[in-house]
Amino acid sequence: MARREITNWSQLQRFQPREIFTPRSEDELAAIVARAGLEGRRIKLMGAGHSFTAIAVTPDFHVTIHALDQLHHVDQSSGVVTVGAGITLKKLNRELDRYGLALTNMGDIDKQSIAGAVSTGTHGTGLAYGGIATQIRGLRMITPNGDVVDIDANHEPELFRCARVGLGALGIITRVTLQAVPSFRLHAVESSHSLDDVLEAWPDTIRSNDHAEFFFMPGGRNAARKINNRTDEPAAPLSRRRYIADKLVAENIGFGVIIRPNGVGPRLQHVVE
Ligand SMILES: Cc1cc2nc3c(=O)[nH]c(=O)nc-3n(C[C@H](O)[C@H](O)[C@H](O)COP(=O)(O)OP(=O)(O)OC[C@H]3O[C@@H](n4cnc5c(N)ncnc54)[C@H](O)[C@@H]3O)c2cc1C
């Protein structure tokens, strides 16, 4: 029988694993690990497949755990939360919000699984705010020999330290315990500048703002800068029209404009296609 092809988000990684598994429980996962051991097969987990590299590619057993996406425990006063490792950041944020909690920091998108985001050191910006791995307080893992272990700073501390950015190489993460914070609002300012001006001001920009980042196209002279600061001001989201104009059109088509001055747009687009 022909093997099914799996692709990552960018579709640059394509592979046909020997077998595909979608376990619905830790017991089913443990049985897959036992079988892999008996047959001498390797296992690779894939979260949301958003890594650009071949880090989640395998010729052997391809496993996804989207079904392990439950909220297991919430301590609203301390902000410590335990979730299934297959939960997406989007769903995690929604669940946390129900309890007045939030991740203290995250990257640009929310499509990743918490396990994938943790395993690759996914991060946002901000001198005072660490990446997702810094928010992790404990992990439940199935090790390659089939043991289920709960690890944290006191139990198996060395394994815990490594597994916080384990690159999927140390075992299967089935549960993640993380430290959330009281939810907060961000005031976002997104603007376009010359790349030289952004770079010159950068040391001051990152010191004087909670979060700052900029995008530019190699060879281009302009940059799109995004700054976010925590605020107690009431929420003032963009209207639907402004959202479509500023976010969807400006951010996507605007990128084309950023790279046009040097005429490198068409060439770059060609490479990206
Ligand atoms: C559009 C886009 C925007 C991005 N923005 C950012 C950003 O702002 N900041 C940033 O730092 N990164 C960013 N990334 C990168 C992304 O956060 C990482 O590649 C992340 O690993 C993707 O999570 P995933 O769930 O898709 O993991 P996958 O890519 O599926 O897997 C990543 C690794 O985790 C392992 N893994 C997955 N699940 C488990 C598990 N249960 N147990 C053990 N190992 C496991 C896999 O085997 C693999 O080694 C972005 C990527 C894209 C495509």
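The values are calculated or read from the model by the stated rules, or taken from the named source; none is laboratory data. Bear in mind the structure is a predicted one, so any value in this text is a computation, not a measurement. Neighbour counts are summed over all protein chains in view; Cβ atoms, including those assigned to glycine, are modelled from backbone coordinates with ideal geometry. For accessibility, only protein heavy atoms count, side chains too; no ligands or nucleic acids. Shrake-Rupley method; radii C 1.70, N 1.55, O 1.52, S 1.80 Å.
Observations, loosely collected:
- The C-beta contact set for segment 206-224 (first residue under 20 Å from residue 123 (Cβ atoms), second residue small (Gly, Ala, Ser) and open to solvent by 50 Å² or more (accessible area, probe 1.4 Å), distance under 6 angstrom, 6+ apart or interchain) comprises 224/192.
- Condition check for residue 136 on (1) touching a Lys or Arg at 6+ places or on another chain (Cβ under 8 Å); (2) in contact (Cβ under 8 Å) with a residue 40 or more places away in the chain; (3) over 30 Å from residue 212 (Cβ atoms); (4) more than 10 Å from the ligand (Cβ to nearest atom): one failure, at (3).
- For residue 21: the one exception among (1) touching a helix residue (DSSP H, G or I) at 6+ places or on another chain (Cβ under 7 Å); (2) modelled with pLDDT under 95: (2)
- Residue within segment 43-54 that is in contact (Cβ under 8 Å) with a residue 24 or more places away in the chain, farther than 19 Å from residue 165 by Cα and not in a loop (DSSP other than H, G, I, E, B) present: no
- In the set 178, 139, 170, only one residue is touching a Leu at 6+ places or on another chain (Cβ under 8 Å), open to solvent by less than 50 Å² (accessible area, probe 1.4 Å), of a type outside the set (Lys, Arg) and assigned by TED's automatic domain parsing to the domain that holds residue 101; that residue is 178.
- Residue count for segment 84-106 satisfying the condition of being out of contact with any Leu (no Cβ under 8 Å at 6 or more places or on another chain) and β-branched (Val, Ile, Thr): 2.
- Residue in segment 1-10 that is most open to solvent (accessible area, probe 1.4 Å), counting only those that are more than 11 Å from the ligand (Cβ to nearest atom) and closer than 17 Å to residue 50 by Cα: 5
- Residue that is most open to solvent (accessible area, probe 1.4 Å), among those in segment 51-80 that are under 26 Å from residue 183 (Cα atoms) and in contact with a Phe, Trp or Tyr (Cβ under 8 Å, 6 or more places away or on another chain): 76
- Summed over segment 111-122, the residues that are without any contact (Cβ under 8 Å) to a residue 60 or more places away in the chain and within 20 Å of residue 79 (Cα to Cα) give a count of 1.
- Subset of segment 216-233 that is over 28 Å from residue 181 (Cα atoms) and of a type outside the set (A, V, I, L, M) - its residue that is surrounded by the most Cβ atoms within 10 Å (Cβ to Cβ): 222
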